[in-house]
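Undergrad: Please read through the structure below; I'll follow up with questions.
The values are calculated or read from the model by the stated rules, or taken from the named source; none is laboratory data. In this text, all values refer to a predicted model and were calculated from it rather than measured experimentally. Note: ideal-geometry Cβ built from the backbone for every residue, glycine included; neighbour counts use all protein chains shown.
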Amino acid sequence: MPLISRSWRIAVPFAAAALLVLTACAPTVTIDAAADANNPACAPMMVALPDSLAEAKRRTTTSQATAAWGEPSVAVLRCGVTVPGPTTDKCVTINGVDWVMKETENNSWTFTTYGRNPATELILSENKIPSDTALTQISAAAAKIPSTGGCL
C-alpha cells in the first residue's frame, strides 16, 4: 500500500504541472463583451460557430458571446452589439443574412448583421482572411438569430 500512496503523491503534482503547461500553450483572446452579450438569442448562434475560419483555428476568449480565430487573431466576433439603424453603408447578403460593412482606420473591416436583434459584429483583419469566406462560414450561425428585416 505505501507504494501506491507514494505514486499518487508524485503523479498529482506532475499532472497539475502538465495541465498548466498545456493551458499556457493556447493563449486566451481578451475581447470586451458587447452591451447585450447576455441576450439569450446569442446562445444558439455561439454554439453553431465554426471551429475554423478558412485556415484560422478558433481560440478561447475572455467574454461571453465572443469568438476569435487565428493566432494572432484575424477574425473577432461579438454578439449583442447595437442593432444598426437605417444606413447608407454598403450592405451585402450572404446565405440569407444581411451584413453592413465598414472599413476602419486600422486596416480592418467590420461587418454587422442587419435586421437581426441582437446584432452580431465580425471584425476581419485586412488581407488576413477573405471576407467572402469568413461571412459564408459565419452566416449559417448568424441565421440562428431570427430576421426582423433586411437591407433594401
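Undergrad: Here is a list: 56, 48, 68, 119. Which entry is within 17 Å of residue 143 (Cβ to Cβ) and out of contact with any helix residue (DSSP H, G or I) (no Cβ under 6 Å at 6 or more places or on another chain)?
TA: 119
Undergrad: Another question, then. With (1) under 28 Å from residue 117 (Cβ atoms); (2) at pLDDT below 95; (3) among the acidic types (Asp, Glu) as the list, and residue 55 as the residue in question, which single condition is left unmet?
TA: (1)
Undergrad: Can you tell me which residue in the range 102-123 is nearest to residue 75 (Cα to Cα), limited to those that are touching a Ser or Thr at 6+ places or on another chain (Cβ under 7 Å) and charged (D, E, K, R)?
TA: 121
Undergrad: Inspect all residues belonging to the range 141-151 and state whether any of them is closer than 20 Å to residue 32 by Cβ, small (Gly, Ala, Ser) and in a strand (DSSP E or B).
TA: Among the residues of the range 141-151, not one is closer than 20 Å to residue 32 by Cβ, small (Gly, Ala, Ser) and in a strand (DSSP E or B), which makes the answer no.
So that you can scan it fast, the table gives a plain yes or no per residue for (1) surrounded by 20 or more Cβ atoms within 10 Å (Cβ to Cβ); (2) at pLDDT below 95; (3) within 11 Å of residue 75 (Cα to Cα):
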| residue | (1), (2), (3) |
| --- | --- |
| 125 | no, yes, yes |
| 130 | no, yes, yes |
| 135 | yes, no, yes |
| 150 | no, yes, no |
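Undergrad: Pairs please, first residue from the range 117-133 and under 20 Å from residue 47 (Cα atoms), second anywhere and aliphatic (A, V, I, L, M) and part of a loop (DSSP other than H, G, I, E, B), Cβ atoms under 6 Å, 6+ apart in sequence or on different chains.
TA: Once the first residue is under 20 Å from residue 47 (Cα atoms) and sits in the range 117-133, its partners that are aliphatic (A, V, I, L, M) and part of a loop (DSSP other than H, G, I, E, B) give 117/83; 118/41; 119/83; 133/54.
Undergrad: Suppose we keep only residues that are within 17 Å of residue 136 (Cα to Cα) and within 17 Å of the chain's Cα centre (by Cα) within the range 80-100. Which one would you say is surrounded by the fewest Cβ atoms within 10 Å (Cβ to Cβ)?
TA: 99
Undergrad: Residues 26, 34: which one is assigned to a loop (DSSP other than H, G, I, E, B), touching an Asp or Glu at 6+ places or on another chain (Cβ under 9 Å) and modelled with pLDDT under 95?
TA: Sole residue among the options that is assigned to a loop (DSSP other than H, G, I, E, B), touching an Asp or Glu at 6+ places or on another chain (Cβ under 9 Å) and modelled with pLDDT under 95: 26.
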